[in-house]
Amino acid sequence: MKAGQFLSGAVAAIAILAFGAAANAANEFEGPIKDSVVPEIQSWISNPDIIKAITEQNAKHSGLSQDEIEAMDQTWRAETKASARPMITGVLENAVSGYLRQVKDKGQGLYTEIFVMDNRGLNVGQSDVTSDYWQGDEAKWQKTYQAGADAMLIDEVEFDESTQIYQSQVSLPVVDPASGSVIGAVTVGVNVEALQ
């Protein structure tokens with residue numbers, strides 16, 4: 001390796017470490033996320049097709065017991081490691097997931113993942129496969145759906161090993177524009193490097 005190559009590699013490594021240290025010290029991107037990303041999310045999350053899909057799934061899942069929810073989650077988790085994935089495929093191929101993939105693509109690298117949950121914390125649609133189907137035991141659902149229409153959760157910046165991207169998850173309640181009721185929640189992974 002030539003001295004110039006080593007130096008440029010060392011500079012790049014230092015820049016990555018410095019970015020990571022700054023990002024982890026505090027979520028310095030919270031302001032830009034609130035100012036530019038959250039309004040975008042709110043604009044497309046009120047899509048009538050998303051509202052309809054969440055409302056329909058809420059009705060379908062209204063009678064589920066906690067044991068049934070956890071069984072569905074276990075099936076999903078098992079399918080993430082299996083070759084046959086009927087449950088995952090059913091969600092990934094629905095209209096909401098297709099729409100969320102379009103939103104992610106139009107974001108041109110700003111969004112790393114998008115998923116919408118119902119009033120039980122179960123996935124309605126998603127741009128990418130999530131590790132689990134039930135989010136109801138996690139802050140992303142509890143601190144948004146359960147906290148009311150004005151709730152917002154912006155998580156700390158974390159380095160995603162699989163994508164090699166620093167991201168922050170932004171979660172919001174999904175509100176039915178017709179009734180003003182909170183019917184679900186959305187979580188969006190934001191590539192904070194794209195905000196600079």
(request) Might you let me know whether the stretch 86-101 holds any residue that is at pLDDT 95 or above, basic (K, R) and closer than 23 Å to A194 by Cβ? (result) yes
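Each row is one residue, and each column tells you yes or no for (1) assigned to a helix (DSSP H, G or I); (2) under 23 Å from the mean Cα position of the chain (by Cα); (3) modelled with pLDDT under 95; (4) within 25 Å of D137 (Cα to Cα).
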site	(1), (2), (3), (4)
A12	yes, no, yes, no
A22	yes, yes, yes, no
I50	yes, yes, no, yes
G63	no, no, no, yes
E68	yes, no, no, yes
M72	yes, yes, no, yes
(request) Please state which of the following conditions Q164 fails to meet, knowing it meets all the rest: (1) polar (S, T, N, Q); (2) without any contact (Cβ under 8 Å) to a residue 40 or more places away in the chain; (3) touching a strand residue (DSSP E or B) at 6+ places or on another chain (Cβ under 8 Å). (result) (3)
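Do we find a residue being more than 14 Å from the chain's Cα centre (by Cα) and under 21 Å from I69 (Cα atoms) anywhere in the stretch 169-188?
Taking the stretch 169-188 first, the residues more than 14 Å from the chain's Cα centre (by Cα) are 175-183.
Narrowing the set further to residues that are under 21 Å from I69 (Cα atoms) leaves 182-183.
Within the stretch 169-188, one or more residues are more than 14 Å from the chain's Cα centre (by Cα) and under 21 Å from I69 (Cα atoms).
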(request) Scan the stretch 74-84 for residues that are among the basic types (K, R) and crowded, with 17+ Cβ neighbours inside 10 Å and report the count. (result) 0
(message) Take the residues in the stretch 144-196 that are in contact with a Phe, Trp or Tyr (Cβ under 9 Å, 6 or more places away or on another chain), among the polar types (S, T, N, Q) and under 20 Å from T55 (Cα atoms); name whichever of them is surrounded by the fewest Cβ atoms within 10 Å (Cβ to Cβ).
(response) T187
(request) Within the stretch 93-129, track down each residue that is among the polar types (S, T, N, Q) and within 14 Å of the chain's Cα centre (by Cα). (result) S97, T112, N123, Q126, S127
(request) Check V116, V96, V129, V38 and return the single one that is closer than 17 Å to D176 by Cβ and either touching a residue at least 60 places away in the same chain (Cβ under 8 Å) or part of a loop (DSSP other than H, G, I, E, B) (or both). (result) V116
(message) Could you check the stretch 132-158 and list, in sequence order, the residues that are touching a residue at least 40 places away in the same chain (Cβ under 8 Å), assigned to a loop (DSSP other than H, G, I, E, B) and of a type outside the set (D, E)?
(response) Y133, Q135, G136, T144, M152, V157
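Collect the residues in the stretch 41-68 that are touching a residue at least 24 places away in the same chain (Cβ under 8 Å) and either of a type in the set (G, A, S) or in contact with a Ser or Thr (Cβ under 6 Å, 6 or more places away or on another chain) (or both), keeping them in residue-number order. Don't jump to the end; show me each part of the working.
First, pick out the residues of the stretch 41-68 that are touching a residue at least 24 places away in the same chain (Cβ under 8 Å): 41-42, 44-47, 49-51, 53-55, 57-58, 61, 64.
S46, A53 - these are the residues of the stretch 41-68 that are touching a residue at least 24 places away in the same chain (Cβ under 8 Å) and either of a type in the set (G, A, S) or in contact with a Ser or Thr (Cβ under 6 Å, 6 or more places away or on another chain) (or both).
The values are calculated or read from the model by the stated rules, or taken from the named source; none is laboratory data. Here the structure is a predicted model, which is why all the values come from computation and not from measurement. Ideal geometry is used to build each Cβ from the backbone, glycine not excepted, and the neighbour counts take in all protein chains shown.
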